[in-house]
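The values are calculated or read from the model by the stated rules, or taken from the named source; none is laboratory data. Since this is a predicted model, take the numbers as computed values, not measurements. Cβ: placed from backbone, ideal geometry, glycine included. Neighbour counts: every protein chain shown. We work out accessible area using only protein heavy atoms, side chains counted, and drop any ligands, DNA or RNA first. Shrake-Rupley method; radii C 1.70, N 1.55, O 1.52, S 1.80 Å.
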Amino acid sequence: FTVSFRLVFEMRSITWIHHFFFWGSLAVFILFAIALNLSPQFNPDLYYVVFAMWANPQAWLTSILAGSLPLLVDLAIVGVKIEFFPSYVDLLRERALSKKFVKEEEAKETYRFAPRQMRRAEKQHKKQ
């Protein structure tokens, strides 16, 4: 389950095909677990174990925590990386989302955000 949710966090858009395979894989897993535990021929020691486990609240809590804590750690790591060590793409995304484009006359552009033509002109100016 955790891998499926992690993939959802990484996607930029989710279509009906994504929903179909995401929820379908979870449903298939649960159906297989039920089917295999109803069959005493599969493994007699595990007969009806899943139903006894699902009746226990501790099993539900453990399942929820085991699935959500790694996702929370991943989200925290991504948040720290974006906040304290942003990549160039993160800086551009933040700039585009803030929509605070300042005219070049009002504020100096940093070298990193300057357009290519401007950087080329600056290099030629420094050579002279």
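Brief remarks follow.
- Spacing of the modelled spin labels on Ser87 and Leu38, each 7 Å from Cα toward Cβ, amounts to 4.7 nm.
- Residues Val28, Val50 ordered from highest to lowest accessible area at a 1.4 Å probe: Val28, Val50.
- Solvent exposure of Glu94, expressed as accessible area, is near 120 Å², computed with a probe of 1.4 Å over the protein chains only.
- Cβ-Cβ FRET estimate between Leu26 and Ile77, R0 fixed at 25 Å, reported to 0.05: 0.50
- Applying the Karplus relation 6.51 cos²θ - 1.76 cosθ + 1.60 with θ = phi - 60° to the range 16-26 yields 3J(HN,Hα) values of 5, 5, 4, 4, 4, 6, 5, 6, x, 5, 5 Hz, where x marks Gly and Pro.
- Listed residues Phe51, Phe9 arranged by accessible area, highest first, probe 1.4 Å: Phe9, Phe51
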